[in-house]
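Just below is one structure, and these are the notes that go with it.
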Amino acid sequence: MKVIIAVDESAYGKKIIETIAHRQWQPDTAFRIISVVEPVSWDEVENENWAGLSKSMFEKRKKNATDLCLELKKILETQHPDCTVHVDVREGNPRKEILGAAIDWMADKILIGAHGHDLCDRFVWGGVSRAVATAAPCSVEIVRPYTRRSKEEHCAKEQKNEATV
């Protein structure tokens, strides 16, 4: 099975990998951790200093994405030594690059996080997740981070939810 794991530069990417690493995978599973760095456009500003700053920021973000993907690769390889893990850092539009990677690599599945930053994040996917899920040539799973909660915490949350209904 070929699985693409799409992550971004945020700390959320590491949580997604940890969640995926806790699952059982067939020994011959091949993972491709992909991160897409979107260029910052400063074309409107006619100042050569901004262009240099923009390029410098982009290169730093690309290096950070590469470092993150390599760190995530180690996590997966440690948990699943019989699987292969590849890293793919791309430049461009995340939606297009993730879909392009799925087509090029003939992926069987895409795992992607959805992390809304508002109160209704359980009902609203991120824009990239939604675009990938609706246009992908393979199965797509929206992954939420694995959280360890004690039985007491779980019961307390359930009681709180029942009380608000």
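Things worth noting here:
- Qualifying residue in the stretch 51-60 (condition: at pLDDT 90 or above and either in a strand (DSSP E or B) or within 21 Å of the chain's Cα centre (by Cα) (or both)): yes
- Residues located in the stretch 1-37, provided they are of a type in the set (Asp, Glu) and either modelled with pLDDT of 90 or more or more than 19 Å from Arg61 (Cα to Cα) (or both): Glu18, Asp28
- If you filter the stretch 92-107 down to residues that are in contact with a strand residue (DSSP E or B) (Cβ under 7 Å, 6 or more places away or on another chain) and modelled with pLDDT of 95 or more, you find that the one that is farthest from Ile33 (Cα to Cα) is Met106.
- Residue match in the stretch 63-84 (condition: touching a strand residue (DSSP E or B) at 6+ places or on another chain (Cβ under 8 Å), in a strand (DSSP E or B) and either under 22 Å from Arg23 (Cα atoms) or among the basic types (Lys, Arg) (or both)): yes
- The set of residues from the stretch 96-105 being within 15 Å of the chain's Cα centre (by Cα) and buried (at least 17 other Cβ atoms within 10 Å of the Cβ) comprises Glu97, Ile98, Leu99, Ala101, Ala102.
- Qualifying positions in the stretch 3-34 - among the small types (Gly, Ala, Ser), assigned to a loop (DSSP other than H, G, I, E, B) and in contact (Cβ under 8 Å) with a residue 12 or more places away in the chain: Ser10
- Given (1) loosely packed, with under 13 Cβ neighbours inside 10 Å; (2) at pLDDT 95 or above, number of the condition Glu46 does not satisfy: (2)
- In the stretch 77-92, residue nearest to Glu9 (Cα to Cα) [restricted to those that are within 14 Å of the chain's Cα centre (by Cα) and not charged (D, E, K, R)]: Val89
The values are calculated or read from the model by the stated rules, or taken from the named source; none is laboratory data. The structure presented is a predicted model; accordingly, all values stated were derived computationally and were not measured. Positions of Cβ are backbone-derived with ideal geometry, glycine not excepted, and every protein chain shown enters the neighbour counts.
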